[in-house]
Amino acid sequence: MMIKKILLFVGTLFLSSVLFAQSLDDKIDLKNFQHEFFTKVLVEKVNKMRDSLGKAPITVSTILGESAAQHAKFLSKAKRVTHYQKKKKYKDAPSRAKAFGAKKDFVWENMMACSIHKPTYITYKKGSKKTTIKTYKQLLKFLWEGFMASQTNIDNITSERVKETGISFFIDTKKQKFFLVQVFSN
């Protein structure tokens, strides 16, 4: 009886790992976007950069994630990337974080928007580049290149003061648009 239970347990673990296995090479399904997987990959990328600079790794904050989610949804409705909202409660990154219960000295955010499965552009200081994002690897590359094109984004990622991050995405499946907000805090 014990052997059957062990085999059932091992079989369940194997099956769940096959069903939920993730790879950066996986094609993005907008209706089933793998939020946890992609958040983990992005945080690992940030921490790899921080480690290369001798900075402590950052951890994921649920509260900052809720703040990021609210703003990502707002961006999709606003149809543009902006740090500001009209509602006083959510007017800027520190206000949004406070609205969700964060008690932080400072709060910063990085944002990006792009199309998935159709042409999109990444803007650099000296022009732009057209690309089509179909996989998680292509999305990560696009976002990272966008972050690295902005000194402010780089400063947010590498600041000695940053201890936590919250990441969220909003996906408009009809328009195939992806909005990312990453909030940083002490």
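The values are calculated or read from the model by the stated rules, or taken from the named source; none is laboratory data. Note that the structure is a prediction, hence the values are computed from the model and not measured. Heads up, the Cβs are rebuilt from the backbone with ideal geometry, glycines too, and the neighbour counts pull from every protein chain shown. For the accessible areas, the whole protein counts, side chains as well, though only heavy atoms, and no ligand, DNA or RNA atoms are used. Shrake-Rupley method; radii C 1.70, N 1.55, O 1.52, S 1.80 Å.
A few remarks follow.
- Accessible surface for the range 30-72, divided over its residues, is 54 Å² per residue with a 1.4 Å probe.
- The mean sequence separation of alpha-carbon pairs under 8 Å and at least six residues apart, normalised by the residue count of the chain, gives a relative contact order of 30 percent.
- Per-residue extension of 0.36 nm, minus the Cα-Cα distance of Lys103 and Thr82, leaves a gain of 5.2 nm for this segment.
- Helix axis angle, 62-78 relative to the chain longest principal axis, alpha carbon, degrees: 60
- Principal-axis tilt of helix 136-148 within the chain, Cα atoms, nearest 10 degrees: 30
- Förster-model FRET efficiency, 22 Å R0, Lys163 and Lys73, C-beta, rounded to 0.05: 0.30
- J(HN,Hα) series, the range 159-171, from Karplus relation 6.51 cos²θ - 1.76 cosθ + 1.60, nearest Hz, glycine and proline x: 4, 5, 6, 6, 10, 9, 9, x, 10, 8, 10, 10, 10
- Atom-type composition of the exposed protein surface of the range 114-186 places 50 percent of the accessible area on carbon and sulfur (1.4 angstrom probe).
- Percent of Cα pairs exceeding the 18 Å cut-off, where the set is the range 93-186: 50
- Measuring r between the beta carbons of Thr123 and Glu36 and using R0 = 22 Å, the FRET efficiency lands at 0.15.
- Phe179 contributes an accessible area of around 10 Å² to the protein surface, as traced by a 1.4 Å probe with all chains present.
- With K and R counted +1 and D and E -1, the other residues having a Cβ less than 10 Å from that of Thr135 yield a net charge of +2.
- Partner aspartates and glutamates for Lys40 [C-alpha distance under 20 Å; skip if fewer than 8 residues away on the same chain]: Asp25, Asp26, Asp29, Asp51, Glu66, Glu109, Glu145, Glu164
- Residues considered: Ser52, Ser150, Ser168. Largest GNM mean-square fluctuation over the chain, using C-alpha springs under 10 Å, is found at Ser52.
- The range 107-153: Rg to Rh, with Rh as the Kirkwood radius over Cα pairs: 0.97
- The sum of -39500 (n - 2.57) across all DSSP H runs of n ≥ 4, divided by the residue count of the chain, sets its helix-only mean residue ellipticity at 222 nm to -14000 deg cm²/dmol.
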